[in-house]
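The values are calculated or read from the model by the stated rules, or taken from the named source; none is laboratory data. A quick note: this is a predicted structure, and the numbers were derived from the prediction, not measured. Positions of Cβ are generated from backbone atoms using ideal geometry, with glycine treated the same way; all protein chains shown enter the neighbour counts.
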Amino acid sequence: MKVYRPVVPAKVNLYLEIIGDRPDGFHELATIFQSIDLHDRVTVRSAPSGIIRVRCDHPDVPEDATNLAYRAAALMAERFPAAFSKYGGVDLEIEKRVPVAAGLAGGSANGVAALAGVDLLWELGLTRADLCDLAAELGSDLPFCVLGGTALATGRGELLDPLPDVQGVWTVLGKYRSIGVSTPWAYKTYRDRFGADYARTAAELKARRQAAKSGEMVQAIARLSKGDRDALPVLAALMRNDFEKVVLPEYPAIATLRDTLAEAAPLGAMMSGSGPTVFALAPSHDEAEAIRDRAQSRLGDQDLDFWIAPFRCSGIGLDPA
């Protein structure tokens, strides 16, 4: 039996600006995605004909049609019915390593792993562009999970402009197991409180998108990609996440975690996506470990988990194991 284990990394948002409303009901964003070397172990193998099955070792991950990996396999079955009939069903096994509901795109990455695994299992020969098109039908951040690395995303987050690869930067991630943040709630609350600042016209939307594309953060990434380490504190100082304006006041524990990591990390810290994960930047693995240890010592909470992961310059890969 053929078995594939696609590797699709999680991400953090180095920059997240909510620009305004869109006609389709979503929000217009400008965000900078960065892959990190943290991923679930997803195994894709054949199942009896006509069956799509998802199993996961984490109790909070659904194993039914609401799971993005299941939806991805179902989309492949719908688009390639002859292959689904020829090769049989799909069995997806997910071993969680990325925290659940954390703002790190762990579920999205699993969806992309399912797309890539089925492509290999059914010998479809899809390109990354093909996978991006399919991924976009499942969610706004899935196309980035296909490509990975560093990218500026606009629109709903699906329009990607790749940025130069950044290496030699580490993240320290912290998340309370018992805390979750609803992304729809975060968007609605942000609109209610800050909607007056939204761009209102097509010209305003275009201008703010362009400002992000040519902004100081993009320039700092370009410098860092060329080995200019002096650009790292510049990049860290420019980090922005508009969701912090509504999430941190509502969740004091996340605010305390952010403040603690910021105090422990010379380069600062920020929440990723709509939370609740907070990450700090570090220039080396040793410094990342020191930041984690300082934060753990100050907070001392059994409900709080930490991870250390470097920036990653690619998206989909294959687990050699």
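Taking the range 143-161 as the range and being more than 16 Å from Ala211 (Cα to Cα) and either among the hydrophobic types (A, V, I, L, M, F, W, C) or surrounded by fewer than 20 Cβ atoms within 10 Å (Cβ to Cβ) (or both) as the test, the residues that pass are Phe144, Cys145, Val146, Leu147, Arg156, Glu158. Looking only at residues of the range 271-292 that are modelled with pLDDT of 95 or more and either of a type in the set (Ser, Thr, Tyr) or assigned by TED's automatic domain parsing to the domain that holds Leu16 (or both), we find that the one that is nearest to Arg177 (Cα to Cα) is Thr277. Does Val98 meet the test of being within 26 Å of Gly273 (Cβ to Cβ), under 15 Å from the mean Cα position of the chain (by Cα), β-branched (Val, Ile, Thr) and in a loop (DSSP other than H, G, I, E, B)? Yes. Out of (1) crowded, with 17+ Cβ neighbours inside 10 Å; (2) at pLDDT 95 or above, what's the single condition that is false for Val61? All conditions pass for Val61, except number (2). Looking at Asp242, Asp301, Asp319, just one residue is touching a residue at least 12 places away in the same chain (Cβ under 8 Å), surrounded by fewer than 19 Cβ atoms within 10 Å (Cβ to Cβ), among the charged types (D, E, K, R) and in contact with a strand residue (DSSP E or B) (Cβ under 6 Å, 6 or more places away or on another chain), and that residue is Asp319. Scanning the range 8-29 for residues that are more than 24 Å from Leu235 (Cβ to Cβ) and of a type in the set (A, V, I, L, M, F, W, C), we see that the one that is surrounded by the most Cβ atoms within 10 Å (Cβ to Cβ) is Val8. Report yes if Gly268 is out of contact with any Phe, Trp or Tyr (no Cβ under 9 Å at 6 or more places or on another chain), farther than 24 Å from Asp21 by Cβ and modelled with pLDDT under 95, otherwise no. It is true that Gly268 is out of contact with any Phe, Trp or Tyr (no Cβ under 9 Å at 6 or more places or on another chain), farther than 24 Å from Asp21 by Cβ and modelled with pLDDT under 95. Whether any residue in the range 12-35 is outside the structural domain of Thr277 (by TED's automatic domain parsing) and over 24 Å from Ser274 (Cβ atoms) is what I want to check. No, the conditions are met nowhere in the range 12-35. Kindly indicate whether Ile308 is farther than 26 Å from Ala30 by Cβ and either among the hydroxyl-bearing types (Ser, Thr, Tyr) or in a strand (DSSP E or B) (or both). When the stated conditions are applied, Ile308 passes them. Residue count for the range 204-229, restricted to those that are over 12 Å from Val166 (Cβ atoms) and either within 23 Å of the chain's Cα centre (by Cα) or surrounded by fewer than 16 Cβ atoms within 10 Å (Cβ to Cβ) (or both): 13. Where strands (runs of 3 or more DSSP E) fall entirely within the range 124-201, those with at least 1 residues that are in the same structural domain as His58 (by TED's automatic domain parsing), in contact with a strand residue (DSSP E or B) (Cβ under 9 Å, 6 or more places away or on another chain) and farther than 30 Å from Ala265 by Cα are at 150-155, 159-162.
Of all residues in the range 181-198, those satisfying the criterion of being small (Gly, Ala, Ser) and surrounded by fewer than 17 Cβ atoms within 10 Å (Cβ to Cβ) are Ser182, Gly195, Ala196. Quick check on the range 58-93: of everything there that is outside any loop (DSSP other than H, G, I, E, B) and free of Cβ contacts under 8 Å to residues at least 12 places away in the same chain, which residue is farthest from Leu124 (Cα to Cα)? The qualifying residue farthest from Leu124 (Cα to Cα) is Glu78.
Taking Ala73 as the residue in question, decide whether it is outside the structural domain of Ser225 (by TED's automatic domain parsing), more than 18 Å from the chain's Cα centre (by Cα) and not hydroxyl-bearing (Ser, Thr, Tyr). Spelling it out, Ala73 is indeed outside the structural domain of Ser225 (by TED's automatic domain parsing), more than 18 Å from the chain's Cα centre (by Cα) and not hydroxyl-bearing (Ser, Thr, Tyr).
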